[in-house]
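Peer 1: I have a structure here, written as structure tokens, and I will follow up with some questions on it.
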Amino acid sequence: MIRIRIDIWPGGDQRRAYTQAAAVICCARGQGRVCDYNVHAGESQNEAAQKQDWSSRGHILKHDRRASIWALVAKVATWAAAEAEKQ
């Protein structure tokens with residue numbers, strides 16, 4: 001399992017930090033080079049973007065595990081951004 005958290009530190013002040021968005025990524029199928037992943041992501045209300053809370057479940061299919069972990073994170077971020085726009 002991989003967990004991604006987006007924490008906001010207003011004015012760089014850790015004491016006022018809060019989590020704006022999060023995602024959990026779990027391997028669904030595959031043990032070798034190529035795997036499918038289940039994703040659950042969401043975001044808290046964002047007044048600046050005029051968005052309400054949302055959460056969604058989806059999949060990242062046929063990810064090459066030889067790639068950097070950042071490649072998987074980028075796929076999840078792209079998917080989550082598209083889900084946010086649907087809200």
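All of the numbers you see were taken from the coordinates with simple rules; none came from a lab. In this text the structure is predicted, and so the values were computed from the model without any measurement. Here the Cβ is made from the backbone with ideal geometry for all residues, glycine too, and neighbour counts use every protein chain on show.
Peer 1: So what's the angle, to the nearest 10 degrees on a 0 to 90 scale, between helix 69-86 and the longest Cα principal axis of the chain?
Peer 2: Tilt relative to the chain: about 60 degrees.
Peer 1: Oh, and also: Order the peptides 6-12, 34-40 from the highest to the lowest mean number of other Cβ atoms within 10 Å of their residues. Numbers along the way, then the final one.
Peer 2: Working: 6-12: 10.0, 34-40: 16.6.
Top to bottom by mean Cβ count within 10 Å: 34-40, 6-12.
Peer 1: Then there is this: Give the lysines whose C-alpha is closer than 18 Å to that of K51, dropping any in the same chain fewer than 8 places away, or say none.
Peer 2: Correct list for K51: K86.
Peer 1: Within the range 12-44, find all residues whose amide N lies under 15 Å from a label point positioned 7 Å from the Cα of V73 along Cα-to-beta-carbon.
Peer 2: Under cut-off, by backbone N: 21-25.
Peer 1: Please enumerate, by chain and number, the aspartates and glutamates with C-alpha under 12 Å from the C-alpha of K62, excluding those fewer than 8 residues away in the same chain.
Peer 2: Excluding near neighbours in sequence, the set is D36.
Peer 1: Just in the chain: which GluC sites (Glu not before Pro) are loop by DSSP and have at most 16 other Cβ atoms within 10 Å?
Peer 2: Taking the chain and a limit of 16 other Cβ atoms within 10 Å, the loop GluC sites (Glu not before Pro) found are E47.
Peer 1: Shifting gears a bit: Give the relative contact order (percent, whole number) for the chain; include only Cα pairs under 8 Å separated by 6+ residues.
Peer 2: So the answer I get is 21 percent.
Peer 1: Along the charge dipole of the chain, pointing to its positive end and built from +1/-1 on Cβ of Lys, Arg, Asp and Glu, which listed residue (Q45, W9, V34) has its Cα farthest out?
Peer 2: V34
Peer 1: Just check the range 2-43 against the gyration tensor rule for me: Cα atoms, a ≥ b ≥ c as the square roots of the eigenvalues, rounded for a/c under 1.5, and otherwise prolate or oblate depending on whether a/b exceeds b/c.
Peer 2: Prolate.
Peer 1: Let me ask something else about it. Loop-only check: which trypsin sites (Lys or Arg not before Pro) in the range 34-72 are DSSP coil with at most 12 other Cβ within 10 angstrom?
Peer 2: Passing both the DSSP loop test and the Cβ count: R66.
Peer 1: What's the long-distance tail for the chain, i.e. % of Cα pairs beyond 23 Å? Intermediate results must be reported in sequence, preceding the final value.
Peer 2: Numbers: 1119 of 3741 pairs.
The calculated P(r) of the chain puts 30 percent of pairs beyond 23 Å.
Peer 1: Put a dot 7 Å past each Cα toward the Cβ at W9 and A81; how far apart are the dots in nm?
Peer 2: About 2.4 nm separates the two model spin labels.
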